[in-house]
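Input: a single structure, listed below in structure tokens.
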Amino acid sequence: MAEHNVTVEATLQALLKEKKYATLRDILSTMNPSDIAAIFDGLEESRLPLLFRLLPKGLAADTFVEMEPEAQELLIRGFSDQELKEVIDELYVDDAVDIVEEMPANVVQRILTQADPDMRKQINEILRYPEDSAGSIMTTEYVSLRPTMTVEDAICRIRRTGIDKETIYTCYVTKGHTLIGLVTVKTLLLSEEEALIQDIMETHVISVPTDADQEQVAQMFSKYNFLALPVVDQENRMVGIVTFDDAMDVMEDEATEDIEKMAAIIPSDKVYLKSTIWEIWKNRIPWLLLLMVSATFTGMIISSFETALAAQVALVGFIPMLMDTAGNSGSQSSVTIIRGLSLNELEFKDLPKIVWKEIRVAVLCGLSLACACFLKILLVDKLLLRNGNITVQIDLIVCLTLAVTVLFAKIVGATLPLCAKKIGFDPTVMASPFITTIVDALSLLVYFAIASIILGL
């Protein structure tokens with residue numbers, strides 16, 4: 001797909017240079033808005049407004065929604081008031097809200113000025129809802145039907161108003177703005193024209209309040225396979241819907257944020273290639289500093305056992321392997337638990353079951369690793385590399401440490417995300433880097449404790 005976009009972009013650049021605008025317009029008219037936006041984001045700023053003006057009005061609005069905020073802002077600044085009004089008029093309300101949230105104040109003022117009064121009112125209403133809530137991502141453009149309508153009346157209403165709605169497949173039945181049911185277009189088409197909506201509608205409707213967390217809303221789409229989800233206020237009055245495409249955007253944003261937190265990076269809304277080195281530095285350095293300081297404990301542990309290490313130099317060579325294995329073991333457990341928490345498959349009350357399961361897994365993993373390590377040290381380190389400092393006692397210390405640290409690491413990796421969620425922290429913060437630092441210190445303490453017991457240090 002990337003190679004295809006490069007080829008198309010080169011073709012568009014050549015046609016633009018030769019001023020073959022009619023051909024350019026014909027090519028762009030056949031393309032998907034997302035593909036056009038991807039190409040536009042890579043164009044020179046001076047060429048972007050000209051190419052955008054070649055798009056048909058409807059396609060231009062759809063493309064504008066898919067573009068990066070920087071490109072959107074550039075175009076808005078270059079638009080005349082009439083051009084801006086034409087684009088805004090073609091947008092769905094939730095898309096207009098997304099754009100407004102990304103723009104600086106002076107650009108927002110222009111957008112709201114050019115929006116018609118009804119859209120401006122809807123935009124302002126949605127902007128009042130808490131950030132990352134169902135109300136902030138919903139659209140107010142849905143089909144509403146009355147329970148006393150006939151199927152024929154309902155279909156006529158859909159034909160008359162559906163052009164301005166974001167989705168018409170699912171229609172919501174309201175009585176005095178109170179949500180009482182829903183009916184699909186499929187049901188309408190398969191029902192008798194004289195049938196009343198109240199007789200064919202579904203009355204068991206799943207809805208969400210305006211202050212529901214957007215991540216939970218997105219999970220409901222995955223759970224129930226919805227195309228749209230109604231949003232209601234405290235009195236069950238319908239105020240909007242969240243559509244599938246918005247839920248997909250939320251899932252992508254939340255997954256990206258979780259991955260960045262698990263990698264010890266402060267989440268950023270900017271695309272990597274659009275981010276400056278200072279922005280990337282600012283997002284990465286706080287966690288690196290924290291982890292560096294926390295790793296001081298590891299150094300303190302090693303320093304406190306300098307005498308033991310001097311007496312048995314062979315112990316030093318196995319420290320990296322033990323720390324890495326422990327860190328990896330803890331990360332495996334933490335990632336599994338974090339995923340379960342994200343999908344609402346696990347809760348804090350499951351902690352005893354989780355710990356018991358992780359203990360059994362750790363025993364199996366620890367014994368397997370210890371056996372493999374015992375053979376590796378004897379065959380590779382002692383026989384092949386002829387390391388005279390390696391003794392059966394050293395081999396035993398390393399293998400016992402490996403088994404015990406894997407056990408501790410998996411328990412820590414499983415419990416910390418659950419505890420973090422319980423006290424209100426994001427469990428993804430307790431992922432790889434943080435857990436690795438804790439487990440590193442534990443593995444060293446176990447290592448030197450076992451060495452002290454066996455060697456009498």
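For the range 117-145, a residue qualifies if it is out of contact with any helix residue (DSSP H, G or I) (no Cβ under 7 Å at 6 or more places or on another chain) and either over 25 Å from TYR169 (Cβ atoms) or surrounded by 15 or more Cβ atoms within 10 Å (Cβ to Cβ) (or both), and the qualifying residues are PRO117, LYS121, ASN124, GLU125, ARG128, GLU131, TYR142. As for the range 253-262, it holds no residue that is outside the structural domain of GLU68 (by TED's automatic domain parsing) and assigned to a strand (DSSP E or B). Reported count of residues in the range 44-76, each being assigned to a loop (DSSP other than H, G, I, E, B) and either in contact with a helix residue (DSSP H, G or I) (Cβ under 7 Å, 6 or more places away or on another chain) or surrounded by 20 or more Cβ atoms within 10 Å (Cβ to Cβ) (or both), is 7. None of SER331, SER342, SER368, SER304 is at pLDDT 90 or above and of a type in the set (Ser, Thr, Tyr) except SER368.
Quick check on the range 202-212. Is at least one of its residues among the hydroxyl-bearing types (Ser, Thr, Tyr), in a loop (DSSP other than H, G, I, E, B) and surrounded by fewer than 13 Cβ atoms within 10 Å (Cβ to Cβ)? There is at least one residue in the range 202-212 that is among the hydroxyl-bearing types (Ser, Thr, Tyr), in a loop (DSSP other than H, G, I, E, B) and surrounded by fewer than 13 Cβ atoms within 10 Å (Cβ to Cβ).
Cβ separations smaller than 6 Å between residues 6+ apart or across chains give no pair from the range 402-422 residues that are assigned by TED's automatic domain parsing to the domain that holds GLY317 and on the phi > 0 side of the Ramachandran plot to residues that are of a type in the set (Asp, Glu) and at pLDDT 95 or above.
Which residues, counting only those in the range 17-42, are hydrophobic (A, V, I, L, M, F, W, C) and surrounded by fewer than 18 Cβ atoms within 10 Å (Cβ to Cβ)? The answer is ALA22, ILE27, MET31. Filtering the range 385-414 to residues that are assigned to a loop (DSSP other than H, G, I, E, B) and buried (at least 20 other Cβ atoms within 10 Å of the Cβ) leaves only ILE390.
Screening the range 336-366 for residues that are within 26 Å of ILE301 (Cβ to Cβ) and aliphatic (A, V, I, L, M) and picking the one that is farthest from the chain's Cα centre (by Cα) gives VAL363.
In the range 154-175, of all residues being out of contact with any Asp or Glu (no Cβ under 9 Å at 6 or more places or on another chain) and in contact (Cβ under 8 Å) with a residue 40 or more places away in the chain, the one that is surrounded by the fewest Cβ atoms within 10 Å (Cβ to Cβ) corresponds to TYR169. The criterion of at least 3 residues that are over 24 Å from the mean Cα position of the chain (by Cα) and modelled with pLDDT under 90 is met, among helices (runs of 4 or more DSSP H) falling completely within the range 104-169, by 105-114, 117-127.
If you go through the range 170-196 and keep only what is more than 22 Å from GLY240 (Cβ to Cβ) and in a strand (DSSP E or B), you end up with just LEU196. A count restricted to the range 267-287 and to residues that are outside any helix (DSSP H, G or I), modelled with pLDDT under 80 and exposed (fewer than 13 other Cβ atoms within 10 Å of the Cβ) stands at 2.
Within the range 228-245, the presence of at least one residue that is modelled with pLDDT of 85 or more and assigned to a helix (DSSP H, G or I) is confirmed.
Out of all the residues in the range 42-62, is one or more in contact with an Asp or Glu (Cβ under 6 Å, 6 or more places away or on another chain) and either among the polar types (S, T, N, Q) or on the phi > 0 side of the Ramachandran plot (or both)? No.
Take the conditions (1) assigned to a loop (DSSP other than H, G, I, E, B); (2) of a type outside the set (Gly, Ala, Ser); (3) buried (at least 18 other Cβ atoms within 10 Å of the Cβ); ASP94 misses just one of them, which is (1). In the set SER222, SER144, SER136, only one residue is among the hydroxyl-bearing types (Ser, Thr, Tyr) and in contact with a Ser or Thr (Cβ under 8 Å, 6 or more places away or on another chain); that residue is SER144. For the range 172-219, a residue qualifies if it is closer than 30 Å to LEU127 by Cβ and either among the hydroxyl-bearing types (Ser, Thr, Tyr) or outside the structural domain of THR243 (by TED's automatic domain parsing) (or both), and the qualifying residues are TYR172, THR174, THR178, SER207, THR210. Residues in the range 333-356 that are farther than 16 Å from VAL404 by Cα and assigned to a helix (DSSP H, G or I): 16 in all.
The values are calculated or read from the model by the stated rules, or taken from the named source; none is laboratory data. Quantities reported herein were computed from a predicted structural model and do not represent experimental measurements. Positions of Cβ are backbone-derived with ideal geometry, glycine not excepted, and every protein chain shown enters the neighbour counts.
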